[in-house]
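Coordinate-derived values only; no laboratory data. Quick caveat: nothing in here was measured; it's all calculated off a predicted structure. Cβ atoms come from the backbone with ideal geometry, glycine included; neighbour counts cover every protein chain shown.
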Amino acid sequence: LHMIQPGLDLHRFPLKSMQTDGFQVGMVTGNMWELKGPMLGLNIFADLALRDPRWKLHIRGQLSETQYHKLMYPHFIESRGLKDRVTIHGNYDDMNRFYEQIDVLLVPSLKEGFSYASAEAMSKGIPCVINRFMGIEGIWPENCIYNTPSQAVAMIEEKMKTNGFDYRHYIEKHYSAEKMFK
């Protein structure tokens with residue numbers, strides 16, 4: 001038996017070319033269901049935003065159809081004074097375009113088997129700050145994994161000083177679709 005890891009087509013996610021102000025956080029949640037950790041991510045961002053007002057959050061996801069969710073997330077964002085600093089983008093046909101606008105990816109998920117968002121962002125040279133979800137051991141570098149919200153905030157601030165080529169190289173070495181096919 002040989003376990004083949006998930007593979008990522010690196011041609012679809014080249015190194016990031018767009019320049020930003022360096023204070024753009026991304027979060028990919030799909031339908032913003034609880035196990036993807038959107039509320040945990042918003043709390044982490046609220047703490048980060050208190051430390052420096054230049055930070056902005058871009059969420060690739062959409063509110064679920066429940067009336068509670070349609071009210072809960074906007075209320076949280078507005079009540080924390082983040083209305084002009086958080087954008088919920090909805091679906092993207094081309095995720096490469098979404099990643100071009102961010103500088104660091106926050107992955108607050110409580111449940112993942114493998115986070116394609118992390119692999120896609122890293123392939124673009126974007127650092128990731130990933131919650132220590134069950135089963136994460138051996139998937140992502142330990143220096144990308146956080147245990148507490150305050151640790152995540154510190155890591156986001158610190159990740160801005162890292163070399164994006166290291167992340168790209170990690171994906172090439174571990175999760176290249178070409179390597180997996182061979």
- Task: Please give the contour-minus-distance gain from residue 79 to residue 132: 0.36 nm per residue of separation, less the Cα-Cα distance, rounded to one decimal in nm.
- Result: 16.3 nm
- Query: Taking square-rooted eigenvalues a ≥ b ≥ c of the alpha carbon gyration tensor, is segment 27-157 rounded, prolate or oblate, where a/c under 1.5 means rounded and, failing that, a/b exceeding b/c means prolate?
  - Reply: rounded
- What number, in percent, do you get for the relative contact order of the chain if the mean sequence gap of Cα pairs under 8 Å and at least 6 apart is divided by its residue count? 30 percent
- Item | Separation of the residue 5 and residue 91 label points, Cα + 7 Å toward Cβ, nm | 3.1 nm
- Query: In debye to the nearest 20, how big a dipole does the chain give about its Cα centre with +1 on each Lys and Arg Cβ and -1 on each Asp and Glu Cβ?
  - Reply: 60 debye
- Folded to 0 to 90 degrees: helix 149-159 orientation relative to the chain principal axis, Cα: 60 degrees
- Compute the acute angle (0 to 90°) between the alpha-carbon long axis of helix 164-174 and the principal axis of greatest extent of the alpha-carbon atoms of the chain; round to the nearest 10°. 50 degrees
- Task: Quick one: angle between helix 38-51 and the longest Cα principal axis of the chain, in degrees between 0 and 90, rounded to 10, please.
- Result: 70 degrees
- Message: A 32 angstrom limit on the alpha carbon distance is what I want to check against. Which of 16/83; 83/173; 70/173; 111/182; 70/111; 111/173 exceed it?
- Response: 83/173; 70/173
